[in-house]
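The values are calculated or read from the model by the stated rules, or taken from the named source; none is laboratory data. Just so it is clear, the model here is predicted, and its values are computed rather than measured. Quick reminder, even Gly has a Cβ in these numbers, built from the backbone with ideal geometry, and neighbours come from all protein chains shown. Quick note on the areas: whole protein, heavy atoms, side chains included, nothing else; ligands and nucleic acids left out. Shrake-Rupley method; radii C 1.70, N 1.55, O 1.52, S 1.80 Å.
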Amino acid sequence: LNTAWTLNILRGVIIAAIATLAAYPVSQFYAQNDPAAHQLLWLMPVVALSTLVASFASSRLWTATRHVQLARPALIDFIAQVTSVAVAMIIAAKTKSVMALAVSSIVSAAITVALSYWFIPGQRNSFRLHREAIASFLDFGKWVFLSTMITFFA
């Protein structure tokens, strides 16, 4: 579990970094046809931050779901969604900007992460990388990746 949790965080860091680095070229590309697309320059890194925050969620969420103990994960999702919608509505009313959706996604991720540690009992996570577990994840992951690519192209 610790290896999976650590790899999930590394994945979140990589995705956030790629999205942040891609923000400038993507905003320039789309701004050729739509001047409002310059907002992507700051919007993409803000949304990428929600991916980074979400990657720190406790592995207790996975364990509870695996053991079909769905009440607490469902309640966490519900609380995060309700709070996220409330934040989005408040920010949207004040700013009338797409920033409301970006910030609310970060709020939702942060609430999910916090509640995954406080509300679900279980093992504490720590940064660990075990070679055998990584090999197992990569072996299984290649088939998931292949399946996803086939589905995408189909």
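Of all residues being surrounded by fewer than 20 Cβ atoms within 10 Å (Cβ to Cβ) and of a type in the set (A, V, I, L, M) in the range 108-117, which is nearest to Leu1 (Cα to Cα)? Just the residue, please.
Val113
Considering only the range 118-143, state which residues are open to solvent by 70 Å² or more (accessible area, probe 1.4 Å), assigned to a helix (DSSP H, G or I) and within 19 Å of Ala54 (Cβ to Cβ).
Trp118, Phe137
Every residue in the range 54-87 that is touching a helix residue (DSSP H, G or I) at 6+ places or on another chain (Cβ under 9 Å) and open to solvent by less than 40 Å² (accessible area, probe 1.4 Å), please. Even if it seems obvious, please write down each step before you answer.
Step one: of the range 54-87, the residues touching a helix residue (DSSP H, G or I) at 6+ places or on another chain (Cβ under 9 Å) are 54-62, 64-65, 69-73, 75-77, 79-81, 83-87.
Result: Ser55, Ala57, Ser58, Ser59, Arg60, Leu61, Ala64, Pro73, Ile76, Ala80, Ser84, Val87.
For the range 43-102, name all the residues that are touching a residue at least 60 places away in the same chain (Cβ under 8 Å) and in a helix (DSSP H, G or I).
From the range 43-102, those touching a residue at least 60 places away in the same chain (Cβ under 8 Å) are 46, 53, 58-60, 62-63; that's our starting set.
Matches in the range 43-102: Val46, Val53, Arg60, Trp62, Thr63.
Quickly run through the range 37-53 and pick out the residues that are more than 30 Å from Tyr117 (Cα to Cα) and crowded, with 20+ Cβ neighbours inside 10 Å.
Selection gives Leu40 alone.
Please enumerate the residues belonging to the range 103-124 that are without any contact (Cβ under 8 Å) to a residue 24 or more places away in the chain and under 17 Å from the mean Cα position of the chain (by Cα).
Ser104, Ala114
Go through (1) modelled with pLDDT of 90 or more; (2) surrounded by fewer than 11 Cβ atoms within 10 Å (Cβ to Cβ); (3) farther than 30 Å from Leu41 by Cβ for Ala93 and report which single condition fails.
(3)
Among the listed residues Ala102, Ala31, Ala37, Ala80, which satisfies the condition of being at pLDDT 95 or above and of a type outside the set (Val, Ile, Thr)?
Only one candidate passes the filter, namely Ala80.
Within the range 19-36, does at least one residue satisfy the condition of being open to solvent by less than 90 Å² (accessible area, probe 1.4 Å), touching a residue at least 60 places away in the same chain (Cβ under 8 Å), in a helix (DSSP H, G or I) and of a type in the set (Val, Ile, Thr)?
Within the range 19-36, none of the residues are open to solvent by less than 90 Å² (accessible area, probe 1.4 Å), touching a residue at least 60 places away in the same chain (Cβ under 8 Å), in a helix (DSSP H, G or I) and of a type in the set (Val, Ile, Thr).
What about Ile150, is it assigned to a helix (DSSP H, G or I) and open to solvent by 70 Å² or more (accessible area, probe 1.4 Å)?
yes
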